[in-house]
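Peer 1: Submitted below is the structure of interest, expressed as structure tokens.
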Amino acid sequence: MPAKNSRMLNAEEQGAASAALRDFDFRNDLKKITAETLVISGKHDGLNPPEKGRETAVLIPNADYMEFQDSGHAPNVEQDRLFLGVVEKFLG
């Protein structure tokens, strides 16, 4: 289900994105992050699904996680006001 204000990738775009990320795995390095970290996912993100965002947040020491319920891959566009509020609070 695409989120409001979101455009789904066509098959060619999805294939290109998948190919670009196929051999990219940074999970073993996430434990080295010492900066305060906020991981944000969109519930309807088909490219980087929320379960991957949650996994990333768990692997980063003391990371915060936020899932936007009405967003796909671009919560900063699809739910811009909520996104701004969450980021401002995190940075506050």
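Peer 1: Does region 18-28 contain any residue that is under 25 Å from LEU91 (Cβ atoms) and either in contact with a strand residue (DSSP E or B) (Cβ under 9 Å, 6 or more places away or on another chain) or open to solvent by less than 100 Å² (accessible area, probe 1.4 Å) (or both)?
Peer 2: Yes: region 18-28 contains one or more residues that are under 25 Å from LEU91 (Cβ atoms) and either in contact with a strand residue (DSSP E or B) (Cβ under 9 Å, 6 or more places away or on another chain) or open to solvent by less than 100 Å² (accessible area, probe 1.4 Å) (or both).
Peer 1: From the set of residues in region 54-63 that are assigned to a loop (DSSP other than H, G, I, E, B) and open to solvent by less than 30 Å² (accessible area, probe 1.4 Å), which is farthest from VAL39 (Cα to Cα)?
Peer 2: Ranking the candidates gives ILE60 first.
Listed here are the residues, each with its yes/no results for (1) of a type in the set (A, V, I, L, M, F, W, C); (2) touching a strand residue (DSSP E or B) at 6+ places or on another chain (Cβ under 8 Å).
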{"position": "ILE40", "(1), (2)": "yes, yes"}
{"position": "PRO50", "(1), (2)": "no, yes"}
{"position": "PRO61", "(1), (2)": "no, no"}
{"position": "SER71", "(1), (2)": "no, yes"}
{"position": "LEU82", "(1), (2)": "yes, yes"}
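Peer 1: Could you list, in sequence order, the residues of region 29-44 that are within 22 Å of GLU88 (Cβ to Cβ), open to solvent by less than 70 Å² (accessible area, probe 1.4 Å) and either in contact (Cβ under 8 Å) with a residue 12 or more places away in the chain or of a type in the set (D, E, K, R) (or both)?
Peer 2: Those that are within 22 Å of GLU88 (Cβ to Cβ), open to solvent by less than 70 Å² (accessible area, probe 1.4 Å) and either in contact (Cβ under 8 Å) with a residue 12 or more places away in the chain or of a type in the set (D, E, K, R) (or both): ILE33, THR37, LEU38, VAL39, ILE40, SER41, GLY42.
Peer 1: In addition: Please give the number of the condition GLU51 fails out of (1) open to solvent by 90 Å² or more (accessible area, probe 1.4 Å); (2) in contact (Cβ under 8 Å) with a residue 12 or more places away in the chain.
Peer 2: Condition not satisfied by GLU51: (2).
Peer 1: I need a count of the residues in region 64-75 that are outside any strand (DSSP E or B), without any contact (Cβ under 8 Å) to a residue 40 or more places away in the chain and either among the basic types (Lys, Arg) or surrounded by fewer than 17 Cβ atoms within 10 Å (Cβ to Cβ) (or both).
Peer 2: 1
Peer 1: Shifting gears a bit: State which residue is nearest to the chain's Cα centre (by Cα) when the search covers only region 77-92 and only residues that are surrounded by fewer than 16 Cβ atoms within 10 Å (Cβ to Cβ) and closer than 16 Å to VAL39 by Cβ.
Peer 2: That would be VAL87.
The values are calculated or read from the model by the stated rules, or taken from the named source; none is laboratory data. Just so you know, these numbers come straight off a predicted model, no measurement behind them. Ideal geometry is used to build each Cβ from the backbone, glycine not excepted, and the neighbour counts take in all protein chains shown. Quick note on the areas: whole protein, heavy atoms, side chains included, nothing else; ligands and nucleic acids left out. Shrake-Rupley method; radii C 1.70, N 1.55, O 1.52, S 1.80 Å.
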